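The structure appears right after this line, and notes come after that.
Values in this text are rule-based calculations from the coordinates and carry no lab data. What you are looking at is a predicted structure, and each value in this text was computed from that prediction instead of being measured. Heads up, the Cβs are rebuilt from the backbone with ideal geometry, glycines too, and the neighbour counts pull from every protein chain shown.
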Amino acid sequence: MELAVYNQQGQDTGRRVTLNDEVFAIEPNEHALYLDVKQYLANQRQGTHKSKERSEVSGSTRKLHKQKGGGGSRIGDINSPVLVGGGRVFGPRPRDYRFKLNRKLKELARRSALSLKAAAGQIVVVEDVNFEAPKTKEFINFAKNLKVDGKKLLLVLSAKNNNVYLSMRNVPDARIMTASDINTYAVLNTETLLLTEASVEVINKL
């Protein structure tokens, strides 16, 4: 697959880049996509949820009434979960939600996501992006020139660029990352994938 290369003014440079069919034109594996996205979201969870159980609630441990003969339930102390203000039964405890996936499966998921974007025509290739100074207005004009303003977009660079990062940091629904850090969730969670020429070379080898 070949795509046109645009400059920062949104003009066609006349050059073309070739997307590797083994990365951008495979049959998407939906189950691999599901597992990789599930792992990504699970890894973002802090897992610090906690509720007080019976032994942790502040209250007297005196037995409220005798065990037998009252015709009522065997209730124990005031911290019992059956009473208002008592502890919670089987409440959430801090835990780690992270889990591992095979490297080949994650590669398959990433290629499936890129292939979906390529098939949907949601990939735009631009020249290597650079701004003289970190200004949000620069990036907004850049997005308008490419007619992707107002869309959820992901800009992929071949290497870190502080001026570009600072210029788009305050733009809603706009993210930036390097080609080596690209992942399945980031690709799927965007409407337009902006790739620089140099980043295409890196991604073609992933």
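Key figures for this structure:
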| quantity | calculated |
| --- | --- |
| Contact order relative to length of the chain, as percent, for alpha carbon pairs under 8 angstrom and 6 or more apart | 25 |
| Cross-link pairs beyond the 24 Å C-alpha cut-off, checked among K117/K137; K151/K205; K100/K160; K160/K205; K117/K151; K117/K144 | K117/K137; K151/K205; K100/K160 |
| Pairwise label distance in nanometres, K38 with K66, each label 7 Å out on the Cα-Cβ vector | 5.6 |
| Ranked list, fewest to most other Cβ atoms within 10 Å of each Cβ, for T48, T178 | T48, T178 |
| Listed values [x] 40; [y] 49; [z] 29, entry calculated as percent of Cα pairs over 27 Å apart | [y] |
| Residue among N102, N43, G121 farthest towards the positive dipole end of the chain, charges placed on Cβ | N43 |
| Relative contact order, percent, segment 11-126 [alpha-carbon distance under 8 Å, six or more residues apart] | 40 |
| Label-reachable residues, segment 1-39, where backbone N falls under 17 Å from a point 7 Å from E197's Cα toward its Cβ | 2-20 |
| Contour excess over end-to-end distance, with Cα ends at L206 and S58 and 0.36 nm allotted per residue | 47.7 nm |
| Local net charge near V5, Cβ-Cβ under 14 Å (Lys/Arg +1, Asp/Glu -1) | -4 |
| Relative contact order (%) - segment 108-206, alpha-carbon pairs under 8 angstrom, separation at least six | 38 |
| Label-point separation in nm, T18 to D128, each point 7 Å along Cα→Cβ | 2.2 |
| Cα centroid separation, segment 109-129 to segment 1-61 (Å) | 14 |
| Surrounding net charge for H31, when Lys and Arg each add one and Asp and Glu each subtract one, Cβ distance under 15 Å | +1 |
| Rounded FRET efficiency, nearest 0.05, which uses the C-beta distance separating K144 from E107 and R0 of 30 Å | 0.30 |
